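Working notes, structure below.
Values in this text are rule-based calculations from the coordinates and carry no lab data. Predicted model, so just to flag it, every value in this text is computed and none were measured. When we count neighbours, we look across all protein chains shown, and the Cβ atoms used for this are built from the backbone with ideal geometry, even at glycine.
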Amino acid sequence: MEINTDYDFIPPYPVMILLSFLAGLTGMYLLNIRDGIRKNVAGYFCLLAPAMSIFLGIVLTYLSSGFQYFGLSSIGGLAGMYAASLTLALISGKPGEIGIMMKNCTLLLPLMYSISKIGCLLGGCCRGIAYHGAFRIHYTGSRTDSAYVFPVQLTETILFLLIFLLGMFLQRKIRNPVPAVFILSAVTKFLLDFMRESHAGEIISFTQMLCLILILTEMILIFFRKRNNQV
Amino acid sequence: MYINYYFIPGCTYSPYQGKNVIFAPDGTDEDLLQQYDFQKAEDGRYFRILTEQEYQAVKRGYPNNNVIFSYENSQPMYHNPNRKTSKKLPDFIPSPSDSETENQKDEKGILISNILCIFSFLFAAIGTILWTYHDTNIDFLVSVGMFIIGGILALIVKIRYPENILGTILFGVYTVLFLIAMFVIVKLVAFMVSCCMACL
């Protein structure tokens, strides 16, 4: 597949970021309403979440780059979405709303990540290692060097879309699909990061370290949840 | 048998999601339900999680008796409609002492909501000044953080004290500014393109 990163009118990256927010926030709004969150609270979440998500995405990249440059970190964005869920649920003050909003956030985040990675694919960033096998991407254009790379962004798009669909299926079958979706997403991101060009020369990247922390945190929460249920 | 929960008669008790709750009858006014902290379940019914005190009170009488919570009595009453009783069942009228407590709560709420509005405006103002005169990237990040904190304070007023007009105005202004910021295409697009090259 050949992708020319030059564009005539609007660059695809911000368009896909906005689309990912649109899809994710619409889904979260509908799920929150269905689960009993008040309409006004669900609506205010759609305003607060993009602001906090983009802000924390920028902050995390700024910190990880050693205060050198700004960027949009997906894990920072995830932290922003969760922070917005927590903030709204705490402001609303109704018991049980924290769990509902965090659950719906977790279910929709894979969809948002999947769509945003299409922007990275078309923009030529977060690209894969040099690769000449099947399904390789050939980047051309004035914004990137001409290169044949592994289609890691496309792989992420497909896998995270599947994780999202799995989450939607699981929530009809089991009471709490959050741990499965969360850990699967973190493990997938961790493994695919090895296929990224930016991973060259590193044993484990900053993003992978964050993924490990997230996996560990969720496993500790699972442990305490099970212990509380047994008590 | 039923549980008459203050202004919501005809509720039924049932454990739900591991908690002791009462379900309101279908067709009850939703605004009234929200005032009494009823939440919507997945099947569309409205339920309220009972406090420990309320649960103990329900357990003592239900399901053999109707349980009646009212403002006229500090303890709920139990009434078995199959037995004659000389007790006068309460009407759903709030007592004068409850009105006084409500007035005090209103005054406190007005004060708190106005203080939150002032702080919200201050944070937004500091954010604006830093944004206008920022020299370093840290200033830029701090200014955006200030806007977000100001917005959250306005959200607290909008959700907890919806009758506060100042809070509504502030929230409206922030919303418009936020939407404008999202549509500032030239700077945002250029910024995001440079972000794309640095995204993780």
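Distance between the C-alpha centers of the stretch A:5-78 and the stretch B:35-71? Whole Å please.
So the separation of the two Cα centres works out to 40 Å.
Within the set A:Lys94/B:Lys40; A:Lys173/B:Lys59; A:Lys226/B:Lys19, which residue pairs have Cα atoms separated by over 21 Å? Could the numbers behind the result be given before it?
Details: A:Lys94/B:Lys40 11 Å; A:Lys173/B:Lys59 33 Å; A:Lys226/B:Lys19 17 Å.
The answer is A:Lys173/B:Lys59.
Return the distance in nm (one decimal) between the two label points of a simple spin-label model at A:Gln68 and A:Arg225, each offset 7 Å from Cα along Cα→Cβ.
3.9 nm
How far is it, in nm, from the label point at B:Asn114 to the one at A:Phe135 when both lie 7 Å from their Cα along the line to the Cβ?
Going from the B:Asn114 label point to the A:Phe135 one covers 6.3 nm.
Would you tally the net charge around A:Arg225, using a Cβ to Cβ cut-off of less than 15 Å, leaving A:Arg225 out, and scoring K and R as +1, D and E as -1? It would help to have the intermediate numbers written out before the result.
On the way: positive: A:Lys103, A:Arg175, A:Lys226, A:Arg227; negative: A:Glu218.
That sum, taken over residues with Cβ under 15 Å, equals +3.
Can you give the Kirkwood hydrodynamic radius of chain A from its Cα pairs, in Å with one decimal? It would help to have the intermediate numbers written out before the result.
Working: mean 1/r = 0.0535 Å⁻¹.
Taking every pair of different Cα atoms in chain A, averaging 1/r and inverting gives 18.7 Å.
At 0.692 mPa s and 37 °C, plugging the Kirkwood radius over alpha-carbon pairs of the protein assembly as shown into Stokes-Einstein gives what diffusion coefficient in µm²/s? Intermediate values should be presented prior to the final figure.
Values: Rh = 24.8 Å.
The diffusion coefficient I find is 132 µm²/s.
Determine the sum of side-chain charges near A:Arg127: Lys and Arg each +1, Asp and Glu each -1, restricted to other residues whose C-beta is under 10 angstrom from that of A:Arg127. Present the calculation step by step, with values, prior to reporting the outcome.
Working: positive: A:Arg196; negative: A:Glu197.
Around A:Arg127, the surrounding residues sum to 0.
Report the gain in length on full extension from A:Leu86 to A:Phe194: 0.36 nm times residue separation, minus Cα-Cα distance, nm rounded to one decimal.
Contour length minus Cα-Cα distance gives 35.7 nm.
Normalising by the residue count of the stretch B:3-79, find the relative contact order in percent from Cα pairs under 8 Å and 6+ residues apart.
Values: 108 pairs, mean separation 22.0, N = 77.
Rounded, it is 29 percent for the stretch B:3-79.
For the stretch B:100-174, what does the equivalent ellipsoid look like in terms of its semi-axes, each the square root of 5 times an eigenvalue of the Cα gyration tensor, given largest first in whole Å? Present the calculation step by step, with values, prior to reporting the outcome.
Details: eigenvalues 181, 19, 14 Å².
Whole-Å semi-axes of the equivalent ellipsoid: 30, 10, 8.
Rounded to the nearest 0.05, what FRET efficiency do B:Thr132 and B:Met1 give with R0 = 45 Å and r taken as the Cβ-Cβ distance? Could you check? It would help to have the intermediate numbers written out before the result.
Working: r = 66 Å, r/R0 = 1.47.
With a Förster radius of 45 Å, E is 0.10.
If eta is 1.567 mPa s and T is 4 °C, what Stokes-Einstein diffusion coefficient results for the stretch A:88-138, Kirkwood Rh from Cα pairs, in µm²/s? Walk me through the numbers on the way to the answer.
On the way: Rh = 14.1 Å.
This corresponds to a translational diffusion coefficient of 92 µm²/s.
Taking only C-alpha pairs under 8 Å that are 6+ residues apart, what is the relative contact order of the stretch A:2-230 in percent?
Working: 309 pairs, mean separation 47.2, N = 229.
That works out to 21 percent.
Quick one: net charge around A:Lys173, please, counting Lys, Arg +1 and Asp, Glu -1 for every other residue with C-beta under 15 Å from its C-beta. List each step's numbers first, then the result.
Details: positive: A:Lys103, A:Arg172, A:Arg175; negative: B:Glu42.
Computed value for this residue: +2.
Return the single residue from A:Phe206, A:Phe164, A:Phe55 with maximal mean-square fluctuation; model: Gaussian network over chain A, springs between Cα atoms under 10 Å.
A:Phe206
Under a plain spin-label model, where a point goes 7 Å from the Cα along Cα-to-Cβ, how far apart in nm are A:Leu30 and A:Leu170?
According to this spin-label approximation, the distance is 2.1 nm.
Based on the Kirkwood radius over alpha-carbon pairs, what is the Stokes-Einstein translational diffusion coefficient of the stretch B:3-79 at 4 °C with 1.567 mPa s viscosity, in µm²/s? Could the numbers behind the result be given before it?
Numbers: Rh = 12.5 Å.
The Stokes-Einstein estimate is 103 µm²/s.
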